[in-house]
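The values are calculated or read from the model by the stated rules, or taken from the named source; none is laboratory data. Here the structure is a predicted model, which means the values were calculated and not measured. For neighbour counting, all protein chains shown are included, and Cβ atoms are generated from backbone atoms with ideal geometry for every residue, glycine included. Please note that ligands, DNA and RNA were not included when accessible areas were found on the heavy atoms of the full protein model with its side chains. Shrake-Rupley method; radii C 1.70, N 1.55, O 1.52, S 1.80 Å.
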Amino acid sequence: MGSLKFYATVAGCLALATSVTTARAADLLSAPPPPPPAYEPVADVGGWYLRGDIGVGAYRGGKFSHPTDPSIFYGEDLGSAGCAGVGVGYQFNSWFRADVTGEYRFSTGVSATDKYELVSGGTRFAGMEKYRGNYSAGVFLVNGYFDLGNWYGFTPFVGAGIGYAENKMSGFETSTLVLSPFAGSSGGGTIRNRSYGNLAWALHAGVAYDVTPNFKVELAYRYMNLGEGRTGLVDCYGCGQPPALGFKMKDIESHDIKLGMRWALGGSAPAYEPAPLMRKY
């Protein structure tokens, strides 16, 4: 009897050990949990867009000169003027876009003064002359921009552009005051209108805000170099002389503040996806 109990106890222990070993082996051989789905970044979505801009520019430079007269100009002033433009562009991806723009820069007053000295027939003449008129321009630019990421809907950007400026000088008049030897005598004349075209270039910096996925507003600063303007011939009042050559206004620069709007034409704006979520098991 005792031996039967011993064998029964041994058999029970062996069965229990076998079940535990089998359970552990099953745990070790069970399949690991499925891996997280692979991160697939959303491809940059490009597309055409329309834009419109308004702004104001503070002019600098505008140095006056004359091809034959060595007079010294001083006190040049171009003031400030508004501008408005439209354009069409293409968003290539989430960080680069380009557009072609055309704008009109509204008329602003121009003034300058010169002083001169000359000798004629043994007589020395000295005097001063004032110029007043208007300056306006039409500008066409090809621009490229780098968008520097998106934070809560705000996208800072920088860019540059190059193109053509048609600078118009109009409504100019001159008034002359002879200081010696005929102190107090005066004269003057008119200057014919003229448009003159040359290279223009610009630098941009600003920030855009996503009002909707397809509509953005921009606030930007722009430096623009408009080259030079030239006047037409100068006609003096009752002097009996043929028209004289006009003058140049060189190195016209403008510092602009602009408010712009962009409308995407179909599709969606490029997506700025967050980094994939990493899980640990």
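Screening 245, 219 for residues that are modelled with pLDDT under 90 and in contact with a Leu (Cβ under 8 Å, 6 or more places away or on another chain) leaves exactly one candidate, 245. Criterion first (under 17 Å from residue 101 (Cα atoms), at pLDDT 95 or above and not charged (D, E, K, R)) does residue 259 satisfy it? Yes, satisfied.
To keep it simple, each residue is scored yes or no on (1) of a type in the set (Phe, Trp, Tyr); (2) under 18 Å from residue 100 (Cβ atoms); (3) modelled with pLDDT of 95 or more.
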| residue | (1), (2), (3) |
| --- | --- |
| 173 | no, no, no |
| 176 | no, no, no |
| 180 | no, no, no |
| 199 | no, yes, yes |
| 203 | no, yes, yes |
| 209 | yes, no, yes |
| 213 | no, no, no |
| 231 | no, no, no |
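Checking each residue in segment 113-157 for being open to solvent by less than 60 Å² (accessible area, probe 1.4 Å), modelled with pLDDT of 90 or more and among the β-branched types (Val, Ile, Thr) picks out 139, 155.
Filtering segment 150-175 to residues that are in contact with a strand residue (DSSP E or B) (Cβ under 7 Å, 6 or more places away or on another chain) and not in a strand (DSSP E or B) leaves only 153.
Inside segment 209-242, residues that are open to solvent by 50 Å² or more (accessible area, probe 1.4 Å) and in contact with a His (Cβ under 8 Å, 6 or more places away or on another chain) make up a count of 1.
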